[in-house]
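First the structure, in the form of structure tokens, and then the observations on it.
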Amino acid sequence: MADTTLTRRKDFLSVLDFDAADLERCLELAAQLKSDRSLGRHAPTADILDGHHIAMLFDKPSLRTRTTFEIAIRELGGHLVALQADVALGRREPVGDVARNLERWVDAVIIRTFSQDVLQEFAAAARRLHVVNALTDQEHPCQAIADFLTLQERLGQLRGRTIAYVGDGNNVATSLAHAAAMLGVHVHVASPEPYQLPHAVVQQATSVARHGARLRLFSDAADAVAGADAIYTDTWTSMGQEQEAELRRGIFGPYQVNEELMSLAKPGALFMHCLPAHRGEEVTADVFESDASVVFDQAENRLHGQKALLMMLLAPAAGL
Ligand code: CP
Ligand code: NVA
């Protein structure tokens, strides 16, 4: 591995907590860790988090994020503290008190919860604790690392590429837009009017954009996918919005990713999804199962991306 010294960051609540150099370094490190793992080579990272306790707290369901963080911690020699949902973040005692307890025992906390504000309040209350966003209603930054690792593997050079995100302008779309802007990737987001990416996210992405990356919002999915190297979608109904599922199914119908929509993108365009997917809703079964689909590469890359992230936060002086 290169002997670049990693930047020390306290938290990863948002892609915006990284600068472009951090993000590029994270992708480079993740690719190296993936290659080492495929060769069965675990040193020199196998004990890099030895002596570090890392807690995980999930207020919402998870398959990928929880499993990959558990394996990541284990493979780096760290020690997992799996907190139970009965911690009831912010309901049994103030959020800041939970944080100030945990910082007396552990080095980092990985949290999946509802509000980004709660996560920020938690991180601000404990100066010594590293806090990682494992998904909030507003952002899903760990997903974005895996997404761009996958795109880099498939497309090589990322700069100047175009991703079309079709569907709800949600947490996954937000982190994708943040990371794309920093990496010089254009993003076209097609959503029904009330579900467009928030204006604040457009402003954030614009303010961190490099190499001429542009974020453009569309109402028509066909317009958004023209010339795209990849089409990305996510569930129409995110966790916590279950009561709106029927309404959303009615509104999002024209935003389904199907073979016809795929045929309007660049020839050979990839299909991406953070998962879990709902066949017959945001994506058809044939697109999901097609050769264009890289969804399980994305899922695998959650592991490698999060190992790199944990190293950057907790062992930046490792000099790997
Ligand atoms: N993509 C993702 O975050 O999956 P989980 O909800 O299963 O963790
Ligand atoms: N937008 C989805 C992502 C799931 C990984 C949700 O928040 O439920």
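The values are calculated or read from the model by the stated rules, or taken from the named source; none is laboratory data. None of these values were measured; they are calculated from a predicted model. Note: ideal-geometry Cβ built from the backbone for every residue, glycine included; neighbour counts use all protein chains shown. These area figures cover heavy atoms from the full protein model, side chains too; ligands, DNA and RNA do not enter into them. Shrake-Rupley method; radii C 1.70, N 1.55, O 1.52, S 1.80 Å.
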Amide H of Ser293: which non-local residues (sequence gap of 5 or more, or other chain) have their own amide H closer than 5 Å, using H built in the peptide plane? Phe271
Restricting to Cα pairs below 8 Å that are 6+ residues apart, what does the relative contact order work out to for the chain? Please round to a whole percent. 22 percent
Phi-based couplings in Hz for the stretch 19-24 (Karplus 6.51, -1.76, 1.60; Gly and Pro marked x): 9, 4, 5, 4, 5, 5
Roughly how many Å² is the accessible area per residue of the chain, as a whole number, for a 1.4 Å probe? 41 Å²
Taking 0.36 nm per intervening residue step and subtracting the Cα-Cα distance, what contour gain separates Glu259 from Asp291 on full extension? 10.3 nm
Inter-label distance for Arg41 and Ala200, nm, one decimal - labels placed 7 Å from Cα along Cα-to-Cβ: 4.4 nm
For Lys60, the lysines lying under 27 Å Cα to Cα, once residues fewer than eight places off in the same chain are dropped, come out as Lys10, Lys307
Just to confirm my numbers, what's the Cα centroid distance between the stretch 109-141 and the stretch 249-320 in Å? 23 Å
If one computes P(r) from the Cα atoms of the stretch 230-313, what percent of pairs lie at distances over 15 Å? 62 percent
Spin-label point model (7 Å from Cα, Cβ direction): what's the Glu193 to Asp19 distance in nm? 4.1 nm
Shape category assigned to the stretch 201-267 from the gyration tensor of Cα positions, a/c cut at 1.5: oblate
Average projected area [Cα convex hull, the stretch 77-145], square nanometres: 5.0 nm²
Divide by every residue of the chain the summed helix terms, -39500 (n - 2.57) for each DSSP H run of at least 4, and state the resulting mean residue ellipticity at 222 nm, rounded to the nearest 500 deg cm²/dmol. -12000 deg cm²/dmol
Whose amide H sits under 5 Å from the amide H of Leu80, counting only residues 5 or more places off or on another chain, with H placed in the peptide plane? Ile54
When the Cα centres of the stretch 154-218 and the stretch 69-99 are compared, how far apart do they sit, in Å? 31 Å
Quick one: Debye curve from the C-alpha atoms of the chain, no solvent, what's log10 I(q)/I(0) at q = 0.12, 0.15 Å⁻¹? -0.79, -1.22
From the phi of every residue in the stretch 281-296, what ³J(HN,Hα) in whole Hz does the Karplus formula 6.51 cos²θ - 1.76 cosθ + 1.60 yield, where θ is phi - 60° and glycine or proline is x? 10, 5, 9, 7, 4, 5, 5, 4, 8, 6, 5, 6, 7, 10, 5, 7
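Between Glu93 and Ser115, what length in nm is gained on full extension when 0.36 nm per residue of separation is reduced by their alpha carbon distance?
Roughly 6.3 nm would be gained on extension.
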